[in-house]
Amino acid sequence: SQKVIQYGSEGLVLQEWMDEQTTIFFYEKIIATHYQMKQNDAAEAVTLQAIEFADKSGEKPKKLDFLLSLGESYLLANKFEHALEIYQQALDVAQRIQKMVDYSYLIGRIGIIHAELGQLDKAIQHHQQAILHAQKHKIVELEAEQAVMIAMAYRDKGELTHAKAYCQRGIEIYANADLDAEANNARQLLAEIEAGLDWNFTPRRKVVFMYS
């Protein structure tokens, strides 16, 4: 509610007398409340402040959390250039503090942004890197997702044979992991690709956002 924002903001005014964890707590509450009230621009502005505070305080894991949250907000709002900048910062922090699962997911997120910007070759490169990291760290769902993302990028390039092969790979990984809903979604994409192989297919430029 508005009172949470008011009390939290008043608390932040006193941050020089509070410890880092308490200040970060206030930031988190204010940001969450802004999002709940659909005040995304305000939430993003406060998150930028929180990132700066976490950085100065040496709270690298919290800085990463704030960067991830802001990147997601920008991505869902189609602010792709802003999202790319934030994800690049998050990638650097994740590597520095050895959060390699987050690092792996971030590479895939950057691939999504390149695809949305029409930079499909860059998107494919990042998704392929994400697959390698997913295999290294045994993140099965991410490996499957990235295979499907590559399929979508190849589909949008009009290279449907490659698209089909990667889509089938994603379906197989999903199925072996008993991720039935995800496998069924990928099968729908496969049907679209196979239909395109049978007639004069016009690829859709925009990549569908498939992450939850």
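The values are calculated or read from the model by the stated rules, or taken from the named source; none is laboratory data. From a predicted model like this one, the values you see are computed outputs, not experimental measurements. So basically every Cβ, Gly included, is an ideal-geometry build from the backbone, and we count neighbours across all protein chains shown. These area figures cover heavy atoms from the full protein model, side chains too; ligands, DNA and RNA do not enter into them. Shrake-Rupley method; radii C 1.70, N 1.55, O 1.52, S 1.80 Å.
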Table column - 3J(HN,Hα) (Hz), the range 148-154, Karplus curve with 6.51, -1.76, 1.60, x for Gly and Pro: 5, 4, 5, 4, 5, 5, 5
In nm, spacing of pseudo-spin labels at residue 197 and residue 121 (7 Å Cα→C-beta vector): 2.5
Residue 73 - accessible surface, heavy atoms, 1.4 Å probe, Å² rounded to 10: 10
Using θ = phi - 60° and Karplus 6.51 cos²θ - 1.76 cosθ + 1.60, couplings along the range 38-51 (whole Hz; Gly, Pro as x): 6, 9, 5, 4, 5, 4, 5, 5, 5, 4, 4, 5, 5, 4
Solvent-accessible surface (1.4 angstrom probe) belonging to residue 121, in square angstrom, nearest 10: 90
Net charge contributed by nearby residues that have their C-beta within less than 13 Å of residue 75 (K/R +1, D/E -1): -3
Probe 1.4 Å - accessible area at residue 182, Å² to nearest ten: 60
Local net charge near residue 180, Cβ-Cβ under 14 Å (Lys/Arg +1, Asp/Glu -1): -3
Rounded accessible area per residue of the range 7-149, 1.4 Å, Å²: 49
Heavy-atom accessible area ranking, 1.4 Å probe, most first, across 81, 52, 72: 81, 52, 72
In order through the range 114-130: 3J(HN,Hα) via Karplus (6.51 cos²θ - 1.76 cosθ + 1.60), integer Hz, x for Gly, Pro: 4, 5, 4, 7, x, 8, 5, 5, 5, 4, 4, 4, 5, 5, 5, 4, 4
Percent of Cα pairs exceeding the 20 Å cut-off, where the set is the range 111-171: 17
